[in-house]
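J.: Take a look at this one; I'll ask things after.
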Amino acid sequence: MCLMTHFSIGKGRSAMEGKMQKKLEEIFEWFHRNPELSYEEYRTTERIRQLLTDAGIEILPLPLETGLVAVIRGEKEGPVQALRCDIDALPIMEETGLPYSSETPGRMHACGHDFHITAGIGTALLLQERRRELAGTVKLLFQPGEESSLGALKILETDVCDDVQLFWGLHADPTNEAGVIGLREGAVAAAVDRFVITIKGVGCHGAHPDDGVDPIPAACAIVQTLQTIVTRNVNAFHPSLISVTRIEAGNTWNVIPETAELEGTVRTMDRADRELFEKKVELIARKTAESYGAQAQVQWIPGPPAVINDEEMAEYAAQTARRLGFSVVPEEQSLGGDDFSFYEEKAPCCYIKIGTGKGQLIHQPGFAVEKSVLAPTAEYLAEVLMNQIKIRTTRSSALVI
């Protein structure tokens, strides 16, 4: 079965109206006003800790400078599940004009992590109230540093996830109306890798290029040739891209420099394609530079792998939505990345996108979340975690599009 669905939360759901919605709106506005960058989320962490502790929710003692993990232990037997909520902001000047805009110049929750935090807290509050009916244990991972692409490793360096059998994640989606939630089996976000290419030639006077080896034409040729990896080496039905995003060479107008440097990113959905790109980037850079009489060195900096939704988890999440009366419609893939994928090395995962109102895209100064989605999202996530999905001993193998 190929599942490509998402659901919209019905308006006016009385179960989540009133007190819970108002409480979550107040929580959300505080986090939006007080954004903190990756690994600097000290006030954010303490606020989360206070809210959860006041509700009687257990905070696990972990060696984390920022971020925390809370746990809710159900009174029925069941799996150990985790919900990841990232907490860091971006170095962007906010331009939303909201009455609760960022109070820190040049800092903004432009990726919806304030929404993720708040939805996670709401889910925790609901699970705490219903723990007599909760089957198993739920760990809430309030993770630092997602924007660094490596923050998940801070959580995984502890032993807190060793017993987790299922991981759930969420992300704000400004391409859909408020409350429309995206689900898909298989790849939903790309592996993210970075490369730096240093081309070394021989510097000389700009009037006498024959006295040296100009690295700039070699760099230009490398940029052009790298695109053939996508057009001539990768299956046309496999989403992938390579982008050179920085070029630097020289510092004056009449001197041919000794070196040039390129930097960029590779995005892939397929593991074999990811390995191919790494090999081809190195080969193209080295051989192209040699053809110009220069030398090239490649530094490959691997980031998070592709986010692969487990088939049965995605289907279960959609069934839960239908059971609650929410409508279900399709979701798009993205070549954006998320370090949520690191949790896949431990156990099956499912990454859910939640429509937060159409508007400016994430990482833009005008990005804003419609607050009406807060309580319905918490209610839905609590339902997903409250009800058991059958635990398998093997994972889905949908790694290729």
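J.: Answer yes if at least one residue in segment 211-226 is in contact (Cβ under 8 Å) with a residue 60 or more places away in the chain and within 23 Å of the chain's Cα centre (by Cα), and no otherwise.
T.: No, that holds for no residue.
Yes or no, residue by residue, for (1) open to solvent by less than 20 Å² (accessible area, probe 1.4 Å); (2) in a helix (DSSP H, G or I):
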{"residue": "R194", "(1), (2)": "no, no"}
{"residue": "I199", "(1), (2)": "yes, no"}
{"residue": "T225", "(1), (2)": "no, yes"}
{"residue": "I242", "(1), (2)": "yes, no"}
{"residue": "T245", "(1), (2)": "no, no"}
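J.: Starting from segment 227-239, keep only residues that are more than 20 Å from E332 (Cβ to Cβ) and in a helix (DSSP H, G or I), then list their pairs with residues that are open to solvent by 70 Å² or more (accessible area, probe 1.4 Å) and small (G, A, S) whose Cβ atoms are within a distance under 7 Å, requiring at least 6 positions of separation or different chains.
T.: As it stands, the answer is none, since no pair meets every condition given.
Yes or no, residue by residue, for (1) surrounded by fewer than 24 Cβ atoms within 10 Å (Cβ to Cβ); (2) over 20 Å from E26 (Cα atoms); (3) under 21 Å from the mean Cα position of the chain (by Cα):
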residue	(1), (2), (3)
L60	yes, yes, no
E77	yes, yes, no
A82	no, yes, yes
I92	yes, yes, yes
T104	yes, no, no
H113	no, no, yes
I121	no, no, yes
R131	yes, yes, no
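J.: Restricting the search to segment 293-327, which residues are open to solvent by 40 Å² or more (accessible area, probe 1.4 Å) and farther than 25 Å from T268 by Cα?
T.: Passing the criteria: G293, Q295, Q319, R322, R323, G325, S327.
J.: Consider R286 against the criteria (1) open to solvent by 70 Å² or more (accessible area, probe 1.4 Å); (2) in a loop (DSSP other than H, G, I, E, B): it satisfies all of them except one. Which criterion is unmet?
T.: Every listed condition holds for R286 apart from (2).
J.: Identify, by number, the condition in (1) part of a strand (DSSP E or B); (2) surrounded by fewer than 21 Cβ atoms within 10 Å (Cβ to Cβ) that D210 doesn't meet.
T.: Here D210 meets the rest and fails (1).
J.: Tell me, please, whether a residue that is surrounded by fewer than 19 Cβ atoms within 10 Å (Cβ to Cβ), within 30 Å of E133 (Cβ to Cβ) and touching an Asp or Glu at 6+ places or on another chain (Cβ under 6 Å) can be found in segment 36-47.
T.: no
J.: Select from segment 340-378 the residues that are in a helix (DSSP H, G or I) and open to solvent by 10 Å² or more (accessible area, probe 1.4 Å) and list them in ascending order.
T.: Passing the criteria: F342, E344, E345, K371, S372, P376.
The values are calculated or read from the model by the stated rules, or taken from the named source; none is laboratory data. This structure is a prediction, so every number in the text was calculated from the model and none was measured. Quick reminder, even Gly has a Cβ in these numbers, built from the backbone with ideal geometry, and neighbours come from all protein chains shown. In case anyone asks, the SASA skips ligands and DNA or RNA and just uses the protein heavy atoms, side chains included. Shrake-Rupley method; radii C 1.70, N 1.55, O 1.52, S 1.80 Å.
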